[in-house]
Amino acid sequence: MSSALINLLWTYIVFIALVLVAGLYYMLVTRNLMRVLIGMEILMKAVTLLIILFGYLTGNSEFTQAVVIVVIVIEVVVVAITAGVILNIFRKNDSLDAREIRNLKG
Amino acid sequence: MIIDLILLILMTLFTMWAVMAKSLLKAVIGLAFTSAALAIVMFKLNSPFAAVFELSVCTGLITAVFISAITFAKPLTSEEINETTRDRIKRYWPLPVLMIAVMAVLFIIRLPGFFRVASVVTPGEVRDILWNTRQLDLIGQVVVLLAGVFGVIMLFKGASKDE
């Protein structure tokens, strides 16, 4: 790879790592279930960008676009189902706080 | 390269906004802006179809799903808001420090030969790959979508019975 491409790759890698760290930290620290879902979405953004970046670098953009389209469809279904589950939890417990969900504990 | 850098910085700032925002609605709006910035980056990286998908589905549909879910949750009282704000500052102050540390480490250990990208070019356009090479993915998508619809129906059916 040329040095220009390596520079481009490394710049992208740094920012993808930052977004990954932010999403992971958000998921670990927050207690609100809806925020956990937002954290997961942030992680998905970083992964999507990584796939697209390597497609661009290897000249395989068409293939990676097809993969990303599949990933986005799965992402939407996961968000819809998880939001439904979180809403049901909210209806039962009157809270979105993960600490207050103890129905399945022990 | 400058435009790439500006877009990436914008995307990271929007992500930070989504993470640090006090209100859930602002967090969702931050996420939508992150998606929009990502769509522009995708367009710059020669992936227009994925960019359009990202813009329409992630910026539009997922934001709508999040906002409709948030409207069901009751708003916090002023006491709860004060308590949450104090708690949030305590929990989130390490994040900017952590991000700066990760950035510094990545710039320091910058290894030019770390990534050896093997080029295995798959011929054809996106539609050829999607319809001919990756047929199983398409079947998988249909199954996942049907499972999603079935799951949502079951979830809301159960909820309406409880009421």
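Values in this text are rule-based calculations from the coordinates and carry no lab data. Only a predicted model underlies this, so the values are computations on that prediction, with no experimental measurement involved. Don't worry about glycine lacking a Cβ; one is built from the backbone with ideal geometry, like all the others, and counts go over all protein chains shown.
Per 0.36 nm of contour for each residue apart, how much would the distance between residue B:84 and residue B:40 grow if the chain were fully extended, relative to their Cα-Cα spacing?
Values: separation 44, 0.36 × 44 = 15.84 nm, distance 3.46 nm.
Result: 12.4 nm gained on full extension.
Mind checking the range B:1-82 for trypsin sites (Lys or Arg not before Pro) that DSSP puts in a loop (not H, G, I, E or B) and that have at most 15 other Cβ atoms within 10 Å?
B:22
Pairs of alpha-carbon atoms within less than 8 angstrom and 6+ residues apart define the contacts here; what relative contact order does the range B:2-115 have, in percent?
Over the range B:2-115, the number comes to 20 percent.
What are the equivalent ellipsoid semi-axes of chain A, built from the alpha-carbon gyration tensor (square roots of five times its eigenvalues), in whole angstrom, biggest first?
Value: 36, 16, 7 Å, ordered largest first.
Return the single residue from B:104, B:147, B:39 with maximal mean-square fluctuation; model: Gaussian network over chain B, springs between Cα atoms under 10 Å.
B:147
Would you compute, for the Cα atoms of chain B, the largest minus smallest coordinate along each principal axis and list the three values in descending order, in whole Å?
Projected onto its principal axes, the Cα set of chain B covers 59, 49, 24 Å.
Express in % the proportion of alpha carbon pairs of the protein assembly as shown at distances exceeding 30 Å.
The answer is 35 percent, as a whole percent.
From the helices alone, meaning DSSP H stretches of at least four residues, give me the mean residue ellipticity at 222 nm for the protein assembly as shown, per-run term -39500 (n - 2.57), in deg cm²/dmol to the nearest 500. Present the calculation step by step, with values, prior to reporting the outcome.
Working: 10 runs with 198 residues, N = 269.
-25500 deg cm²/dmol, from helical runs alone.
Which of B:30, B:148, B:60 moves most in a GNM of chain B, Cα contacts under 10 Å?
Result: B:148 has the largest fluctuation of those listed.
Given a Förster distance of 41 Å, report the FRET efficiency between residue B:93 and residue B:72 from their Cβ-Cβ distance, rounded to the nearest 0.05.
Working from the Cβ atoms, E equals 0.85.
So which trypsin sites (Lys or Arg not before Pro) in the range A:36-106 end up in coil per DSSP with only 14 or fewer other C-beta atoms within 10 Å?
Working: sites: A:45, A:91, A:92, A:99, A:102, A:105; in loops: A:102, A:105.
Hits after loop and neighbour filter: A:102, A:105.
Find, among the GluC sites (Glu not before Pro) in the range A:54-106, those assigned to loop by DSSP (not H, G, I, E, B) with at most 15 other beta-carbon atoms within 10 angstrom.
Here no loop site has a sparse enough neighbourhood.
Per residue of A:17-28, how many C-beta atoms from partner chains lie within 10 Å of its own C-beta, taken as a mean?
Partner-chain Cβ atoms within 10 Å, mean over residues of A:17-28: 6.
Along the charge dipole of the protein assembly as shown, pointing to its positive end and built from +1/-1 on Cβ of Lys, Arg, Asp and Glu, which listed residue (A:18, B:68, A:3) has its Cα farthest out?
A:18
Select from B:136, B:13, B:38 the residue whose mean-square fluctuation is largest in a Gaussian network model of chain B (Cα-Cα springs shorter than 10 Å).
Top of the fluctuation ranking is B:136.
Would you tell me the mean number of C-beta atoms belonging to other protein chains that fall within 10 Å of each C-beta in A:37-47, as a whole number?
Taking the mean over all residues of the peptide, I get 5.
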